[in-house]
Amino acid sequence: MKELLIRALSGAIYAALLVGALYYQLALIIVIALFGIISLMEFSKLIKLKGYIQYFIFTLLYIAFWYLCMYNKTLFKSSDAINILLALTICVNLLLIKDLFTFKKIPLFKSKRYIATTFYLTSGFIFILLIANFNNSFSPLLLLGTFILIWVNDSAAYFVGKNLGKQKLFPSVSPKKTVEGFLGGLFFACIASYFIAKYSETLNTTNWLILAIIISVLGTFGDLIESKFKRQAEVKDSGVIMPGHGGLLDRLDSLIFTAPFIYLYLSIIYYVS
């Protein structure tokens, strides 16, 4: 009972920080940056990457893209820089999915460690920021809807999997995940998308439904990839900053991985419309 209470309290504080920051653009920028640095520390420890280069890259890119989405006053169009980062990030994420299925251990030669910290983790946080500032307009409800879909998917997957799960989803990486849990998370995320569309007045029901599917499917991949990194490092959690949950990266792995794909979909529907 005490452990459950601690887990609920730390989870509530984490959610309150994220949701509370959505009311003020500067607060959101600071909170995302802080969460990014902490997650980068945890991830660097998982992949045994020492030094400070990855932190310098995170700071440089985060500030650069914050400036682009806020002011858009550079020698080149901000959309060009964002599209280049988006293409590189999605390529790296797809390669990580490939590694998930084709390698017993994800190859972590030194250059790949920097590639992962830059285009998997750092880019993930940049696109979280860019979702909230989509098309150079502060749109926190888009990010709030994303949070809700991820939380609904994760919670439903956990409870359905725990009570009804029989068929293992990917036992070599995450023995507790089940096919039933995954389908339960997908189902309830799709239901949640209807209410988000109805009350947020941002995207229509179809677009939120497609985002729910993207988040459920790719969020599961993001969770499995982070689990594989932890298994290689022979640790249960990425850190200890959230009592009852583990590390911050453990809570943000789905969001980090899906954020670039969410931004890509938003860009597609914006240009099509």
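Observations
- Some residue of the stretch 237-250 being closer than 23 Å to residue 17 by Cα, touching a strand residue (DSSP E or B) at 6+ places or on another chain (Cβ under 9 Å) and outside any loop (DSSP other than H, G, I, E, B): yes
- Residue among 227, 216 that is among the small types (Gly, Ala, Ser) and under 18 Å from residue 266 (Cβ atoms): 216
- The numbered conditions (1) in contact with a Ser or Thr (Cβ under 7 Å, 6 or more places away or on another chain); (2) among the basic types (Lys, Arg); (3) surrounded by fewer than 18 Cβ atoms within 10 Å (Cβ to Cβ) are all true for residue 230 except (3).
- Set 165, 145: member being crowded, with 21+ Cβ neighbours inside 10 Å and farther than 25 Å from residue 66 by Cβ: 165
- Of all the listed residues (169, 149), the sole one being in contact with a helix residue (DSSP H, G or I) (Cβ under 7 Å, 6 or more places away or on another chain), at pLDDT 90 or above and in a strand (DSSP E or B) is 169.
- In the stretch 68-118, of all residues being outside any helix (DSSP H, G or I) and either at pLDDT 95 or above or within 27 Å of residue 49 (Cβ to Cβ) (or both), the one that is nearest to the chain's Cα centre (by Cα) corresponds to 106.
- Residue in the stretch 53-60 that is touching a residue at least 60 places away in the same chain (Cβ under 8 Å), touching a helix residue (DSSP H, G or I) at 6+ places or on another chain (Cβ under 7 Å) and within 20 Å of residue 150 (Cα to Cα) present: no
The values are calculated or read from the model by the stated rules, or taken from the named source; none is laboratory data. What you are looking at is a predicted structure, and each value in this text was computed from that prediction instead of being measured. Because the Cβ atoms are built from the backbone with ideal geometry, glycine has one as well, and the counts that use them run over all protein chains shown.
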